[in-house]
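As structure tokens, the structure follows; a few thoughts come after it.
Derivation of every value follows stated rules applied to the coordinates shown; laboratory data play no part. This structure is a prediction, so every number in the text was calculated from the model and none was measured. As a convention, Cβ positions derive from the backbone with ideal geometry for all residues, glycine included, and neighbour counts pool all protein chains shown.
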């Protein structure tokens with residue numbers, strides 16, 4: 001097998017398609033060149049490695065990707081090590097709120113310990129973050145922890161966030177249960193604003209409604225919790241959200257806890273073995289979570 005063909009296949013498999021690989025590869029190459037060399041690789045092997053539309057690795061492609069992944073995913077890190085190991089890298093994913101409100105100060109602490117730290121920060125939700133970890137595209141994440149850790153991905157719970165409904169202050173309901181009772185009776189017709197349907201919180205909320213024989217499909221899906229505040233404030237409906245540490249509802253809004261929903265467990269997820277930078281980050285995240293718990297989560 002041609003080693004360059006294997007490298008191109010690695011990028012195609014990692015990015016989920018030839019066009020995506022061309023856009024994200026670390027050097028310039030045209031799509032026809034990639035397509036031609038991948039076809040040559042498949043011809044050499046006498047096997048089809050992936051289906052094009054929709055993109056999906058075949059069993060042979062999965063086996064080959066598992067083989068090339070440990071090498072090509074570490075090329076950059078090994079290069080830095082051979083140059084003297086002075087540059088440390090951290091590829092971190094987290095929800096937008098954590099990246100904006102909590103991580104800047106914590107990353108200053110990490111950078112003071114690793115002055116040559118090279119950071120890659122990505123925003124995302126739990127399903128995306130899990131996929132990034134599995135594909136070895138990030139080293140560590142702050143995300144919703146659901147279920148036990150598997151394989152080479154380890155998790156550590158940090159803090160629990162309670163679910164709530166976000167309403168305008170003028171809404172008649174005094175509790176989340178009153179909102180749900182109104183929904184069951186047909187008197188509550190407000191549109192629902194949530195995170196994407198594949199997120200843990202909307203999924204659990206659907207399960208709760210289903211157990212009660214109810215349905216409340218979202219009218220608006222947004223990708224960040226603060227957008228829920230924005231659209232509820234502007235009269236678009238009722239929001240499904242969580243009580244974030246140190247953050248009160250916007251003026252004119254009320255957050256009503258949903259007592260029948262278990263809290264979301266937010267924690268750290270990382271690939272093993274953890275690098276010294278990841279271990280240091282885990283430590284500061286643990287300390288920071290302890291201060292948040294000690295300070296309380298005022299939902300307003």
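Below, the figures for the structure above:
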item	result
Value of relative contact order over segment 3-73, rounded to a whole percent, pairs C-alpha under 8 Å and six or more apart	33 percent
Helix-only mean residue ellipticity at 222 nm for the chain, each DSSP H run of n ≥ 4 adding -39500 (n - 2.57), per residue, nearest 500	-13000 deg cm²/dmol
Estimated distance in nm for a label pair at residue 174 and residue 7, the labels positioned 7 Å out from Cα along Cα-to-Cβ	6.9 nm
Cα gyration tensor, segment 163-262 - rounded (a/c under 1.5), prolate or oblate	rounded
Burial ranking of peptide ranges 267-275, 286-294 (average Cβ count within 10 Å, highest at the top)	267-275, 286-294
Model label zone, residue 230; criterion: amide N under 19 Å from point 7 Å along Cα-to-beta-carbon; scope segment 244-276	244, 247-254
Mean Cα-pair separation over length for segment 163-262, i.e. relative contact order, pairs under 8 Å, 6 or more apart, %	49 percent
Shape of segment 3-73, Cα gyration tensor, a/c cut at 1.5	rounded
Packing-based order for 32-42, 11-21, using average beta carbon neighbours within 10 Å, highest first	11-21, 32-42
Estimated inter-spin distance, residue 109 and residue 51, nm [label 7 Å along Cα→Cβ]	4.7 nm
Between helix 3-15 and the chain: long-axis angle, C-alpha atoms, 0 to 90°, nearest 10	10 degrees
Alpha carbon centroid spacing (whole Å) that separates segment 147-222 from segment 105-125	32 Å
Global geometry of segment 123-162, whether rounded, prolate or oblate, following the gyration tensor of its Cα atoms and the 1.5 cut on a/c	oblate
Normalised contact order of the chain, rounded percent, pairs of Cα under 8 Å and 6 or more residues apart	20 percent
Shape box of segment 1-145 [Cα atoms, principal axes, largest first, Å]	52, 36, 26
